[in-house]
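Accompanying notes for the structure given below.
The values are calculated or read from the model by the stated rules, or taken from the named source; none is laboratory data. Predicted model, so just to flag it, every value in this text is computed and none were measured. No Cβ is skipped: glycine too gets one built from the backbone with ideal geometry, and neighbour counts run over all protein chains shown.
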Amino acid sequence: MGVKLSVSPEGYAVFKCPGCSYNHHIRVRANGATELPPPIWDWNGSETTPTVSPSINFQTVGSDGVSVVCHSFVELGKIRFLDDCTHALKGQTVEIPDWNV
């Protein structure tokens, strides 16, 4: 099983999202990082089967001018996409792709 979520020494985590095709960046309590600006997600400490909470609600406007919403829970190395997502994987649960570090 490969690394799904990469965490920097400063506590910044990143993973590839197969739903919206963006990399999602969040701040987690890791490696003794205590001085992070909010929001901060709880993380189970695993890079291969990560769980973070609360949900991640990513919103942006794509290069085509269309709004992108990607709202999900990360649980045990899988992404559970909620029904308010604007991409084809809404309502589905899929494996997080391996992160090539």
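Selection of the range 70-100 for residues being within 20 Å of residue 41 (Cα to Cα) and charged (D, E, K, R) yields 75, 78, 80, 95. If the condition is being of a type in the set (Gly, Ala, Ser), in contact (Cβ under 8 Å) with a residue 40 or more places away in the chain and assigned to a strand (DSSP E or B), then the range 1-51 contributes only 6. When restricted to residues that are more than 22 Å from residue 99 (Cα to Cα) and crowded, with 17+ Cβ neighbours inside 10 Å, the range 39-67 contains 0. When you go through (1) at pLDDT below 95; (2) under 11 Å from the mean Cα position of the chain (by Cα) one by one for residue 40, which number turns out not to apply? All conditions are met except number (2).
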